[in-house]
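I have placed the structure first, in the form of structure tokens, so that the comments after it can refer back to it.
The values are calculated or read from the model by the stated rules, or taken from the named source; none is laboratory data. No experiment lies behind these values; they were computed from the predicted model shown. Don't worry about glycine lacking a Cβ; one is built from the backbone with ideal geometry, like all the others, and counts go over all protein chains shown.
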Amino acid sequence: MRRIILFFIVISFIFCGSLLAQSPDDVYRKANLSYEDEEYEEAVSLYETLIQMDKISPEVFYNLANSLFKLKKIGRTIVNYERALRLAPRDKDALLNLKLARSMAVDKIETPEKGFLLNLILFPYDRLTVNELTVFVSAFYLLIVLFLIFSIFFVEKRIVIFYNIGILTFLLIIFSIFLASKIHNENFAREAIVISEKVNVRSGPKDDYLLQFTLHEGTKVRIVEERQLWYEIDLSKDLRGWLPKDSVEII
């Protein structure tokens, strides 16, 4: 028995060593080839290896999601499309594929429509990354400083300069709010996707607590609190409860 265990340990070390010996580009190429050859389990394993190697990119998450979709693992598919879109929020393919994956989820949680005007106002928030918003905020701030300097030397143009400063200050405030909100939502307001086929949500963090409702794979939840092996989640003001940690994956 000990020899068998030792054999598997040695094989595992050899396998891990061979992966580490490969460059990330080699692993990425092999993953893509595995996907093309319809070896989706192998593709998933290789894309996850890249993530473990800290080679994170929108393409890796997108391709991993595509592979999981082929394996009909809808929950984890949605998780990785969401991760891809956090890094590349304007990726049309990821947006369309995420919409398709969500349509396959059993639970249809209705969210209020934003409307045309609100969508227009929130367009920069929805379509820009944290880094891009940071660039905009920095640019507006520097432009305000430059205009203030110009106002010292171009006295006759001060009205126009202050008018432009007002516009830039307004944009600086709006984009700063977007940036702060994006940082908070991506780093502190944890969201997760149900990856179990079905999970019971209870009134407390134990199996003997009252059953509140049941969720199915692919449903998006917000994590409110954690306690040992349980998360407290909510979907809306009226839908809240506890579920096992291993039934969800954090985005």
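General remarks:
- Hey, Thr77 surrounded by 15 or more Cβ atoms within 10 Å (Cβ to Cβ) and not charged (D, E, K, R) or not: yes
- Residue within segment 19-31 that is within 27 Å of Asp246 (Cβ to Cβ) and modelled with pLDDT of 95 or more present: yes
- Contact map, segment 164-189: first residue under 17 Å from Thr129 (Cα atoms), second residue among the polar types (S, T, N, Q), Cβ cut-off under 9 Å, separation 6 or more or different chains; pairs are Leu179/Thr134; Lys182/Thr129.
- Note on segment 203-240: residues that are on the phi > 0 side of the Ramachandran plot and surrounded by 17 or more Cβ atoms within 10 Å (Cβ to Cβ) amount to 1.
- Of all the residues in segment 101-125, those that are without any contact (Cβ under 8 Å) to a residue 60 or more places away in the chain and surrounded by 15 or more Cβ atoms within 10 Å (Cβ to Cβ) number 2.
- Taking segment 138-165 as the range and being over 35 Å from the mean Cα position of the chain (by Cα) and not hydrophobic (A, V, I, L, M, F, W, C) as the test, the residues that pass are Ser151, Glu156, Lys157, Arg158, Tyr163, Asn164.
- Of all residues making up segment 116-135, the number that are assigned to a helix (DSSP H, G or I), within 13 Å of Phe178 (Cβ to Cβ) and among the aliphatic types (A, V, I, L, M): 4
- Residue match in segment 167-189 (condition: over 32 Å from the mean Cα position of the chain (by Cα), more than 30 Å from Val79 (Cα to Cα) and assigned to a helix (DSSP H, G or I)): yes
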